[in-house]
Amino acid sequence: MQNKERSDKKEINTRTLGGWLIAIQAFIILNAISWVGNLQVYYKLLGEKEILIKQKPPEDAALLNIFIYFELATSLVFAFLCFVVFYFFYKRNTRFPLILIIYLIAEIVIEGLSYIIFGHLSNDPTLMLQKLAFSIVIAVAIIVYLKRSERVKKTFIF
């Protein structure tokens, strides 16, 4: 009877990073690619900012300048943070879930600030709002998984 109970429970192989952790790994990689892409886009905009500023009304010109530098700085910081999170993921560090949760919250805060402060500069502010809403949904799903998953508790032990 006890052998049957043992066979009914699935053993979690913590030597491999499997299960839904593969989805989190893909999320981290895709986020890093996205932030590096943003870094490239805003670095190119930095060279063309004089042309963009001339096209905007004078009251928006200074804000557009701040927006370009803000996005450039956040892209640089979050691209670096993605690599830090990726490093902790593969080292199976016990702090990985906490670091990822802090990263997700910081990303949502930055996207929210960007929408609130710079939303009116965009041609389509609803697109920024949709991106923010999607980020919130993904962050909540990942945070719930990190908090409740047995695999996460057993995998990140070093």
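Values in this text are rule-based calculations from the coordinates and carry no lab data. Note that this is a predicted model, so its numbers are computed, not measured. All Cβ positions, glycine included, derive from the backbone under ideal geometry; neighbour counts span all protein chains shown.
Descriptive notes on the structure:
- Estimated FRET transfer efficiency (LYS91, ASN123; beta-carbon r; R0 41 Å; 0.05): 0.45
- Entry note, the chain: the mean residue ellipticity at 222 nm calculated from DSSP H runs of n ≥ 4, each adding -39500 (n - 2.57), is -27500 deg cm²/dmol after division by the residues and rounding to the nearest 500.
- Cβ charges +1 (Lys, Arg) and -1 (Asp, Glu), total dipole of the chain, debye: 1080 debye
- Calculated from the alpha-carbon coordinates, the range 22-112 shows an Rg and a Dmax of 16.1, 51 Å respectively.
- Of the peptides 68-74, 123-129, the order by per-residue mean of other Cβ atoms within 10 Å, starting with the highest, comes out as 68-74, 123-129.
- Peptides 94-106, 136-148 ordered by packing proxy, namely the average of other Cβ atoms within 10 Å per residue, highest first: 94-106, 136-148.
- The Cα atoms of the chain define a convex hull whose projected area, averaged across directions, is 10.8 nm².
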